[in-house]
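Let me begin by presenting the structure, written as structure tokens, before commenting on it.
The values are calculated or read from the model by the stated rules, or taken from the named source; none is laboratory data. A quick note: this is a predicted structure, and the numbers were derived from the prediction, not measured. Counting neighbours? That spans all protein chains shown, and the Cβs are built from the backbone with ideal geometry, glycine included. Side chains are part of the model used for accessible areas, which takes the heavy atoms of the whole protein and leaves out ligands, DNA and RNA. Shrake-Rupley method; radii C 1.70, N 1.55, O 1.52, S 1.80 Å.
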Amino acid sequence: MSSPVGEVPTRHDHSPAASGHRRPQKPFGTERTRRDILRAAGRRFARTGYASVRLKDIATDVGVTAPLVLRYFGSKEALFREVARDERNPPHVIADLRGPLSSLGERLARTMTHYWLSADFHYPAIALIRSLDFEESKALFNGELARRLTDPLCAVLPGPDPQLRAQVISSQLMGIGMFGLGILTDPDTPPPAPEEIERMVQLLGRAVQAIIDSP
């Protein structure tokens, strides 16, 4: 899979919690309902953290009942694990690590900017960060970061200290979303202008490429 091209999507929140409307009740047993619950839970966890989220709130967002959420996932803890491990859009797959190393920095910068600007993609990462007071979240965060980003990067980096360099690159790619784009402080903040986003991608790409090319 190649890296995304064209316009970077803007962030929009169409969840029932944001609009104040409730969806009609959905029948049990559909994959779409399961996905809707997972998405609603991720957005809730991303906004307020694990401890503050009630299954009743998630159910209301989707238009089902709390017992139905339990029938799908078994417990709030299990639902949180599913959110953390959501596989719909692993960043390293989109970045295509099999491509030329000479342009990997730009591909990673563009991929991760695209990732951070889409609430449908980034909510598992923010949910984990906002829930670090939940003990299991720490291990989940470290494990998912390694599995999705640091370890795949380490495997393709040539030269000395690949693990250390992969960790530094991962820190830059995570930091651009959480702090450069402000996702951590306000997941619903409007995105920068397209030209500012493109300039950010260029600068981040150069910084990452310097570490990739480091002897």
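Accessible area per residue, 1.4 Å probe, Å², for the stretch 36-140: what's the number?
Numbers: 3980 Å² over 105 residues.
On a per-residue basis, 38 Å².
Skipping prolines and chain starts, which residues have an amide H placed within reach, meaning under 5 Å, of the one on SER131, given they are 5 or more residues away or on another chain?
Amide H neighbours of SER131, under 5 Å, 5+ apart: TYR50.
Working out 0.36 nm times the residue gap between LEU132 and ASP120, then minus their Cα-Cα distance, what length gain in nm do you get to one decimal?
Working: separation 12, 0.36 × 12 = 4.32 nm, distance 2.08 nm.
Between LEU132 and ASP120, full extension yields an extra 2.2 nm.
Can you tell me the order of 120-133, 137-150 when each peptide is scored by its average per-residue count of other Cβ atoms within 10 angstrom, highest first?
Details: 120-133: 21.4, 137-150: 17.0.
In descending order of packing, they fall as 120-133, 137-150.
Which percent of the accessible heavy-atom area of the stretch 137-202 goes to carbon and sulfur, probe 1.4 angstrom?
61
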